[in-house]
Amino acid sequence: MRQLTGKLRFKHLQLLVTLDRVGSLHAAAAELHLTQPTLSKALHEVESAFGLALFIRGARGMQPTAVGQLAIRGAERLLRELSHLVAETTAEPAGAVLHIGAPPFVALAYLPQVVQNLARQRPGVRVHLQEGLTPVLAHALMHKHLDALVTTFSRELSETAFPKLHYEKLFETESAVIAAPGHRLAGASRVSWTQLRAEPWVLPEQMSTTRRAVDEAFGRAGCLTPTPVMESAHPSTNLRLVAHGVGLSALPVDVLRPAEAAGEVVRLPVDPPLARGSVGLLYRAVQEDDPKIQWLREALELGGPKGQAA
């Protein structure tokens, strides 16, 4: 056994099967695109490994011996197994799971279309979504608990805490301050942040992109962000609270559009407006050639070169 495993190669197995089928070294050489001397040498190597003649030359060409017939059947089985192995390792695994992280507003407004694209393009792939704040999700990504994030991301965060991540920008996001339709500021032509300071608020969690934009806006106006009546991470919850008159809030425009169209909330004309943010694909730099990342890039309809460093 040690002699066989040390000397036999898959090319030897292919030679045995082909030689049995075509009946001559000349025909086998033509089919395998090798020279006849090369095949003669390979056949000698196989027979030396077995220690017995596997073929005899006769009037009808090369004929397998009794031992040769056993070797040929074994070679056919091994080549079939190799073929199955290649098919299994190159195909997309039926149970492949893509672990994605996203902040709630991205999951709510943008991921449904992405998952639909992925299901159409890669039917065997399942998606596991983890929602949360970007710093928490980025930590999970760095520790390989997630494959990628579709998230807001700041250059400051990438350069200080997570320098080994790649970021591909998808689009910019716009947020707006909203109120219930009957709010006293709903009909104003201009609303300052000083005026907003006196109102009750329903705010996103601290460290979220929208909350940072609100804090920065109040800071530029020379005042502190008011203590909220309630803090909530989920934009749909904040939307419902505003619609019920609990307080003002700030939400990404793409999240609030349906409620705005239905007359449930209104945008306030704040001056200056909230700073814009950006959403992109974030993954570990070493994953550039990971098939899962390429599947997600396709679903996100990202073309061109692979990710640039964040």
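How big is the range 188-310 by the Kirkwood estimate over distinct Cα pairs, in Å? Result for the range 188-310, one decimal place: 16.7 Å. Averaging 1/r over every pair of different alpha carbons in the range 28-75 and inverting the result gives a Kirkwood radius of 11.4 Å.
Each eigenvalue of the Cα gyration tensor of the range 27-130, multiplied by 5 and square-rooted, gives one semi-axis; in descending order these are 55, 14, 11 Å. For a quick check, take a GNM of the chain with Cα springs below 10 Å and name the residue from Glu45, Glu288, Glu199 with the largest mean-square fluctuation. Sorting by GNM fluctuation, first place goes to Glu45.
Considering only Gly74, Gly182, Gly280, the mean-square fluctuation computed in a Gaussian network model of the chain, springs between alpha carbons under 10 angstrom, is largest for Gly74. Here the simple spin-label model places points 7 Å from the Cα toward Cβ, and for Leu52 and Phe10 these points are separated by 2.7 nm. Across 5 Å bins from the origin, how do the percents of Cα pairs in the range 206-251 run, short distances first? The distribution over the range 206-251 is 5, 21, 31, 25, 14, 5, given as percents. Beta-bridge orientation, the chain: approximately 65 percent antiparallel, per DSSP, counting only bridges with both partners inside. One decimal place: the segment Lys164-Glu31 gains 42.9 nm when fully extended, by the rule 0.36 nm per residue minus the C-alpha distance. Of the residues Arg122, Arg211, ranked by 1.4 Å probe accessible area with the largest first, the sequence reads Arg122, Arg211. Across the range 66-74, computed HN-Hα scalar couplings (Karplus, 6.51 cos²θ - 1.76 cosθ + 1.60, θ = phi - 60°) run 4, 5, x, 5, 5, 5, 5, 4, x Hz from first to last residue, x flagging Gly and Pro.
Taking θ as phi - 60° and the Karplus parameters 6.51, -1.76 and 1.60, the scalar couplings of the range 129-139 work out to 9, 10, 9, x, 6, 4, x, 5, 5, 5, 5 Hz in sequence order, x denoting glycine and proline. Extension gain for Val136 to Ala198 (0.36 nm times residue separation, less C-alpha to C-alpha distance): 19.1 nm. The residues of the chain have, on average, 53 Å² of accessible surface per residue, using a 1.4 Å probe with all protein chains present. With θ taken as phi - 60° and the Karplus curve 6.51 cos²θ - 1.76 cosθ + 1.60 applied, the whole-hertz 3J(HN,Hα) list for the range 22-36 is 9, x, 7, 5, 4, 5, 5, 4, 5, 6, 8, 6, 10, 7, 4 Hz, x standing for glycine and proline.
Full extension of the chain segment joining Val97 with Ala66 gains 6.2 nm, where the gain is 0.36 nm per residue of separation less the Cα-Cα distance. Taking the chain, how many lysine pairs are there with alpha carbons less than 26 Å apart, if each pair must be eight or more places apart or span two chains? Summing the qualifying lysine pairs gives 11.
Within the assembled protein chains, the solvent-accessible surface assigned to Val266 is about 40 Å², based on a 1.4 Å probe.
Based on the inverse mean of 1/r over its pairs of different Cα atoms, what is the Kirkwood hydrodynamic radius of the chain, in Å? This gives a value of 24.5 Å. Label zone of Glu216 (point 7 Å out along Cα→Cβ, amide N under 18 Å): in the range 273-304 this covers 273-280. Between amide H atoms placed 1.01 Å from N, distances below 5 Å from Ser278 occur with Phe153, Thr173, all of them 5 or more places distant or on a separate chain.
The values are calculated or read from the model by the stated rules, or taken from the named source; none is laboratory data. Because the structure is a prediction, the values reported are computed rather than measured. Backbone-built Cβ (ideal geometry, glycine too); neighbour counts: all protein chains shown. Keep in mind that these areas ignore ligands, DNA and RNA; they rest on the heavy atoms of the full protein, side chains included. Shrake-Rupley method; radii C 1.70, N 1.55, O 1.52, S 1.80 Å.
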